[in-house]
């Protein structure tokens, strides 16, 4: 027994024309959140490189923490936080625009 079709469309056409456009906004949001590594790498690097005293393993969030709380340079930490925020915003806007342009095709 064949599954019901919508106006004679096959499975691929139903997915491409109906299902995918309906789930695209959620997919774009998930991709934007998941493809933002500076905000997600801190805990892993902090735990695995806690005893390493080199800057080669330091991510931006760890640098901000070190400058702000260990070196007592609040202004530098605030400036670095603002730079990180702007980088994340710019990358998120660019990615969202690319995903939106792809979704409108």
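Below are the figures for this structure:
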| quantity | calculated |
| --- | --- |
| Long-range neighbours under 9 Å by Cβ, at least six apart or interchain, first residue at negative phi and at pLDDT 80 or above within region 87-105, second exposed (fewer than 12 other Cβ atoms within 10 Å of the Cβ) and assigned to a helix (DSSP H, G or I) | 92/33 |
| Failed item, numbered, when residue 55 is tested on (1) at pLDDT below 85; (2) surrounded by 10 or more Cβ atoms within 10 Å (Cβ to Cβ) | (2) |
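The values are calculated or read from the model by the stated rules, or taken from the named source; none is laboratory data. Bear in mind that the values here come from a model prediction, so they are computed numbers and not experimental data. Positions of Cβ are generated from backbone atoms using ideal geometry, with glycine treated the same way; all protein chains shown enter the neighbour counts.
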